[in-house]
Amino acid sequence: MEKRRGGYAKAFRAAFPFTVPVLTGYLFIGTAFGVMFQEKGYNFLWAIVMSILVYAGSGQYLAVNFFAPGVNLLQVIFLEFMVNIRHIFYGLSLLERFSEMGKKKLYMIFSLTDETYSLFFVTKIPKDVDEHKFMFAIALLDQLYWITGSAIGAIAGSVIPFDATGIDFAMTALFIVIFVEQWMTSITHLPALIGIVTGVVCLLVFGSENFILPTMICILVILLSGRKMIEQEVESDAD
Amino acid sequence: MPISPQLSILIIVIVGITTFVTRAIPFLIFRDGKKIPETVKYLGGALPPAVIGMLVIYCLKSVSIVSFPFGLPELIAVAAVVVLHVWKRNNLLSIGVGTVLYMFLVQVVF
């Protein structure tokens with residue numbers, strides 16, 4: 001028992017440095033959610049409950065609008081599904097890793113945000129740390145930052161001591177860093193290019209509110225139809 | 001509160017379940033024990049770089065290049081993060097400097 005607990009302490013210590021960028025980002029975008037929610041008349045306990053039970057950045061921002069008389073619950077489901085639809089992709093890359101995680105699997109699926117997902121693909125897990133405990137530590141730490149951020153926002157309200165305009169760029173910077181890291185370590189750059197190019201093209205064609213679903217479909221179609229080419233490039237480079 | 005606590009809780013639960021189901025769909029389709037098709041394994045490997053590329057665009061989606069400041073703060077800060085990261089390969093440094101630079105650009109310069 002002692003040994004197992006030691007394993008967790010070690011995993012959390014090893015995971016923490018990797019999560020610091022998310023800590024910065026989540027504290028601030030979580031705070032923004034808390035501020036918005038308390039302006040609707042919900043105190044910090046409500047913000048905490050929502051960040052524990054939902055745990056989704058854009059999903060919670062959107063949800064603030066639902067707390068109004070005459071809310072249509074079917075519409076709530078539809079809009080939340082659409083705003084989070086990109087999450088459908090994430091599990092496809094984690095089917096095998098999560099399926100070995102036993103009781104932790106449900107929480108791992110629940111807590112699969114953009115940021116946690118991205119961290120799984122760039123962090124080199126230290127050799128002496130259990131992989132599953134390490135991944136669990138990343139997922140749990142990230143959610144704790146999110147809950148803390150939303151509580152701070154709901155308590156402090158609009159009295160934020162300094163001008164934080166632009167702090168949300170931390171999240172953009174995190175994804176850029178992960179993108180560059182992927183680029184420098186992967187054999188083929190085709191999938192990364194496909195993501196960027198289809199994203200830009202669909203953004204220009206469909207506009208900023210509606211481009212994610214078309215982008216996802218285009219990425220799928222291109223990856224599937226270019227499978228031979230991508231796999232060949234991986235093989236020829238590996239020789 | 002604009003609506004009753006009961007309805008508020010109901011909304012939170014519905015939003016939570018919808019979000020969870022969205023994330024769980026791949027695991028519901030490809031259940032444990034079943035063999036994962038080769039195509040899905042291939043997609044599992046090829047998707048992350050493409051999705052992360054898409055997320056970068058998603059973060060920058062509201063930037064307007066046709067009106068002032070023409071996306072310049074974003075362009076400068078993104079370039080700074082890329083150059084710094086290729087050069088030093090230190091996650092915290094790249095993200096920290098990039099964010100502070102961006103805040104400076106949008107608050108003071110533009």
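The values are calculated or read from the model by the stated rules, or taken from the named source; none is laboratory data. What you see is a predicted model; the values in this text were computed from it and never measured. Every residue, glycine as well, gets a Cβ built from its backbone with ideal geometry; the counts of neighbours run over all protein chains shown.
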Mind listing just one residue for me: the one in region B:54-95 that is more than 30 Å from residue A:218 (Cα to Cα) and surrounded by fewer than 18 Cβ atoms within 10 Å (Cβ to Cβ) and, of those, nearest to the other protein chains (Cβ to nearest Cβ)? B:92
Which fully enclosed helices (runs of 4 or more DSSP H) of region A:135-239 have 2 or more residues being hydrophobic (A, V, I, L, M, F, W, C) and within 19 Å of the chain's Cα centre (by Cα)? A:169-185, A:190-206, A:212-225
I'd like to check something: does region A:1-19 contain any residue that is facing chain B (nearest Cβ under 9 Å) and part of a loop (DSSP other than H, G, I, E, B)? no
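Per-residue answers, yes or no, for (1) among the charged types (D, E, K, R); (2) out of contact with any helix residue (DSSP H, G or I) (no Cβ under 8 Å at 6 or more places or on another chain); (3) modelled with pLDDT under 95:
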| residue | (1), (2), (3) |
| --- | --- |
| A:99 | no, no, yes |
| A:103 | yes, yes, yes |
| A:107 | no, no, no |
| A:114 | yes, no, yes |
| A:118 | no, no, yes |
| A:122 | no, no, yes |
| A:125 | no, no, yes |
| A:130 | yes, no, yes |
| A:135 | no, no, no |
Within region A:59-90, work out how many residues are surrounded by 16 or more Cβ atoms within 10 Å (Cβ to Cβ), of a type outside the set (A, V, I, L, M, F, W, C) and assigned to a helix (DSSP H, G or I). 5
Close pairs from region A:62-87: first facing another protein chain (nearest Cβ under 9 Å), partner surrounded by fewer than 14 Cβ atoms within 10 Å (Cβ to Cβ), Cβ under 7 Å, at least 6 apart: A:67/B:2; A:68/B:2; A:69/B:2; A:85/A:213
Take the residues in region A:137-156 that are hydrophobic (A, V, I, L, M, F, W, C) and farther than 20 Å from residue A:98 by Cα; name whichever of them is modelled with the lowest pLDDT. A:156
Name the pairs: first residue in region A:191-220 and within 19 Å of residue A:83 (Cβ to Cβ), second residue modelled with pLDDT of 95 or more and not in a helix (DSSP H, G or I), Cβ to Cβ under 6 Å, at least 6 apart or on different chains? none
Return the residue satisfying two criteria in turn: it lies in region A:215-235 and is more than 7 Å from chain B (Cβ to nearest Cβ) and of a type in the set (S, T, N, Q), and of such residues it is surrounded by the fewest Cβ atoms within 10 Å (Cβ to Cβ). A:225
Considering each residue of region B:54-110, count those that are more than 24 Å from residue A:195 (Cβ to Cβ) and among the basic types (Lys, Arg), and give that number. 1
Which numbered condition residue A:104 misses (of (1) more than 7 Å from every other protein chain (Cβ to nearest Cβ); (2) within 16 Å of residue B:18 (Cβ to Cβ); (3) assigned to a helix (DSSP H, G or I); (4) in contact with a Phe, Trp or Tyr (Cβ under 8 Å, 6 or more places away or on another chain)): (2)
The residue that is modelled with the lowest pLDDT, considering only those in region A:157-192 that are more than 7 Å from chain B (Cβ to nearest Cβ) and closer than 14 Å to residue B:48 by Cβ, is A:185
For residue B:41, all conditions in the list (1) farther than 21 Å from residue A:118 by Cα; (2) touching an Asp or Glu at 6+ places or on another chain (Cβ under 9 Å); (3) more than 7 Å from chain A (Cβ to nearest Cβ) hold save one; what is the number of the exception? (1)
Residue check for residue A:142: in contact with a Gly (Cβ under 6 Å, 6 or more places away or on another chain) and more than 10 Å from every other protein chain (Cβ to nearest Cβ): no
Residue B:21 passes all but one of the listed conditions (1) in a helix (DSSP H, G or I); (2) modelled with pLDDT under 90; (3) more than 7 Å from chain A (Cβ to nearest Cβ); the exception is number (2)
Candidates A:111, A:93, A:99 - the one that is among the polar types (S, T, N, Q), crowded, with 18+ Cβ neighbours inside 10 Å and within 7 Å of chain B (Cβ to nearest Cβ): A:93
Checking residue A:36 against (1) on the phi < 0 side of the Ramachandran plot; (2) within 11 Å of chain B (Cβ to nearest Cβ); (3) over 16 Å from the mean Cα position of the chain (by Cα), the condition it does not meet: (2)
